[in-house]
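Notes to accompany the following structure.
The values are calculated or read from the model by the stated rules, or taken from the named source; none is laboratory data. It should be emphasised that the depicted structure is a prediction, and the values quoted were computed from it without experimental measurement. Cβ atoms come from the backbone with ideal geometry, glycine included; neighbour counts cover every protein chain shown. We work out accessible area using only protein heavy atoms, side chains counted, and drop any ligands, DNA or RNA first. Shrake-Rupley method; radii C 1.70, N 1.55, O 1.52, S 1.80 Å.
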Amino acid sequence: MALVKIVYASLTGNTEEIADIVAEAFENEGLDVEINECTQVDAEDFLEADICVVGTYTYDEGALPDDIVDFYEDLKELDLTGKLYGVVGSGDTFYEMFCSCVDDFDRVFSQTGATKGAESVKVDLAAEEEDIVRLEAFASELASKITE
């Protein structure tokens, strides 16, 4: 069975909740899921996965969260050719650089040779009902590509 690894950084709990929603959606698709906070795993753990997902928040004016910087830097060094990836995250539309760290991870994943399996999902603060629908569709799209 295909393995999904979800790694997230969360300060307020919003991104953890987003990661949990995505994990449940993957499980509903019949996939094995491992979900971890970013300081508890290494980027190399993605080498074991079929689908790699990062959930991150964007801090202040577009800053990468301190707790995921090492993971981000290590991810740049990996060859993830043959893997699917997706990125989700939370931010605050008050800031001009809304969810820019989601875009940062998207760029890094594309440099690893992994294939983008679904469009990134950006959530304003906490996930509302329409966000949950988009997050579930994100997981469904990724899952459909692994089973094709």
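For the chain, what is the accessible area per residue in Å², given a 1.4 Å probe and the full set of protein chains? Walk me through the numbers on the way to the answer.
Details: 7170 Å² over 148 residues.
For the chain, the solvent-accessible area averages 48 Å² per residue.
Applying 1/(1 + (r/R0)^6) with R0 = 22 Å to the Cβ-Cβ distance of Asp60 and Asp124, what FRET efficiency is obtained, to the nearest 0.05? Walk me through the numbers on the way to the answer.
Numbers: r = 15 Å, r/R0 = 0.70.
Efficiency, from the Cβ-Cβ distance: 0.90.
When you count the other C-beta atoms within 10 angstrom of each residue and take the mean per peptide, 126-135, 111-120 line up highest first as 111-120, 126-135.
Amide H contacts under 5 Å for Lys83: Thr115, restricted to partners 5 or more places along the chain or on a different chain, H placed in the peptide plane at 1.01 Å from N. Computed over the chain, relative contact order equals 27 percent, with contacts defined as Cα pairs under 8 Å that lie 6+ residues apart. Using Cα Rg over 2.2 N^0.38 Å as the read-out, say which of (1) 1.13; (2) 1.24; (3) 0.93 was calculated from these coordinates. Recomputing Cα Rg over 2.2 N^0.38 Å here picks out (3). How large a share of the accessible area of the range 12-138, in percent, is made up of carbon and sulfur atoms when the probe is 1.4 Å and the other protein chains stay in place? Roughly 41 percent, rounded to a whole number.
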